[in-house]
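Participant: Supplied in structure tokens, the structure appears directly below.
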Amino acid sequence: ILTSVLMICALVTLVCKIKENKILEEVKEEMEYGEELSETEEKIIEDKPLSKNDKYNLIILIISVFFWFFGFNAIESFGSLYAKNVFLDEKVWGTVVIVLTVCSMISFIPAGMLAGKIGRKKTVLLGLLMIIVAAALCSLFSAYNVLFLLLIAICGIGWAMINCNSYPMIVEIANKSNIGKYTGYYYTASMLAQTITPIFVGILFYFSDIGYSILFPYASIAMVIAAVLFVTIKVKK
């Protein structure tokens, strides 16, 4: 009931307060400036097919999105079971989730500012590297402690750096007539990953010799695959 009420409030606010055509006219100059700052290989023109390089970037970006959600969602889905079976205390995962969430939230604005300095691609790669290293080190802990929480915090910061900049990279490739379609590509990749990875991880838990201890190496490997693919994306210098 509460969710329904909040959704109705959001709908009423959207309909009554957001005048799309007026807003588009007001931000026209800012939009044109944003297009100049775009990291796409060529200028995106409405109703014109993407260049070969930008089409490659789009495909690789979508596949990369799949793999980093494939890895990160495994931690989100099975974290409590991991804590129960490895740390022998399921309750500690509540603290882990809080640290992960809070560190992500407070990192979104700095992540956007960093991208303005070094570019979105480098920021995303830095975020991937942080999660790869932190997740790999998390697998070494057989007991819950402050160092483990510190590594989780690093994962949260890295996750913010990735998500703050990956969707805008999709938007840069789109134009105003097909932005919905490209947004659909992004969320299809992320939702598909989040649908498949719990099944895949569950199979690994069941058949592997190390059981739940495979969780963080699994996430780290998925992030490595994403990084290897993502680094091939070509951006305007």
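Participant: Name every residue in segment 104-154 that is within 30 Å of Ile210 (Cα to Cα), assigned to a helix (DSSP H, G or I) and of a type in the set (S, T, N, Q), in order of residue number. Show your work before the answer.
Facilitator: Let us first name the residues in segment 104-154 that are within 30 Å of Ile210 (Cα to Cα), namely 104, 125-154.
Now drop any that are not assigned to a helix (DSSP H, G or I), which leaves 104, 125-138, 146-154.
Within segment 104-154, Ser104 is the sole residue that qualifies.
Participant: Right, here's the next one. Looking at segment 136-145 only, could you name the residues that are over 22 Å from the mean Cα position of the chain (by Cα) and open to solvent by 70 Å² or more (accessible area, probe 1.4 Å)?
Facilitator: Matches in segment 136-145: Leu140, Ser142, Tyr144.
Participant: Just for segment 117-135: of the residues that are among the aliphatic types (A, V, I, L, M) and either at pLDDT below 95 or open to solvent by less than 40 Å² (accessible area, probe 1.4 Å) (or both), which one is farthest from Tyr218 (Cα to Cα)? Write out each step before concluding.
Facilitator: Keep residues of segment 117-135 that are among the aliphatic types (A, V, I, L, M), which gives 118, 124-126, 128-135.
If we keep only those that are either at pLDDT below 95 or open to solvent by less than 40 Å² (accessible area, probe 1.4 Å) (or both) as well, we get 118, 124, 128, 131-132, 134-135.
Numbers: Ile118: 29, Val124: 20, Leu128: 14, Ile131: 12, Ile132: 10, Ala134: 12, Ala135: 9 Å.
Once the filter is applied, the top-ranked residue is Ile118.
Participant: Specify which of the listed residues (Phe148, Phe72, Phe87) is open to solvent by less than 40 Å² (accessible area, probe 1.4 Å) and at pLDDT below 95.
Facilitator: Values: Phe148 fails: at pLDDT below 95; Phe72 fails: at pLDDT below 95.
Result of the check over Phe148, Phe72, Phe87: Phe87.
Participant: Return yes when Ile173 is under 18 Å from Asp54 (Cβ atoms), at pLDDT below 90 and surrounded by 17 or more Cβ atoms within 10 Å (Cβ to Cβ) and no when it is not.
Facilitator: yes
Participant: As an exercise: evaluate Val235 against (1) under 23 Å from Asp54 (Cα atoms); (2) in a helix (DSSP H, G or I); (3) open to solvent by 30 Å² or more (accessible area, probe 1.4 Å) and give the number of the one condition it does not meet.
Facilitator: Of the numbered conditions (1) under 23 Å from Asp54 (Cα atoms); (2) in a helix (DSSP H, G or I); (3) open to solvent by 30 Å² or more (accessible area, probe 1.4 Å), the odd one out for Val235 is (2).
Participant: Name, by its number, the condition in (1) surrounded by 18 or more Cβ atoms within 10 Å (Cβ to Cβ); (2) modelled with pLDDT under 95; (3) not acidic (Asp, Glu) that does not hold for Phe67.
Facilitator: With (1) surrounded by 18 or more Cβ atoms within 10 Å (Cβ to Cβ); (2) modelled with pLDDT under 95; (3) not acidic (Asp, Glu) applied to Phe67, the lone miss is (2).
Participant: Which pairs turn up if I take residues in segment 213-237 that are under 20 Å from Gly158 (Cα atoms) and look for partners that are assigned to a loop (DSSP other than H, G, I, E, B) with beta carbon separation below 8 Å, at least 6 apart in sequence or on another chain?
Facilitator: Leu215/Ser139; Phe216/Ser139; Pro217/Ser139; Ser220/Ser139
Participant: If we scan segment 186-206, do we find a residue that is over 12 Å from the mean Cα position of the chain (by Cα) and open to solvent by less than 10 Å² (accessible area, probe 1.4 Å)?
Facilitator: Yes - at least one qualifying residue is present in segment 186-206.
The values are calculated or read from the model by the stated rules, or taken from the named source; none is laboratory data. Because the structure is predicted, anything quoted here is derived from the model rather than measured. Because the Cβ atoms are built from the backbone with ideal geometry, glycine has one as well, and the counts that use them run over all protein chains shown. We work out accessible area using only protein heavy atoms, side chains counted, and drop any ligands, DNA or RNA first. Shrake-Rupley method; radii C 1.70, N 1.55, O 1.52, S 1.80 Å.
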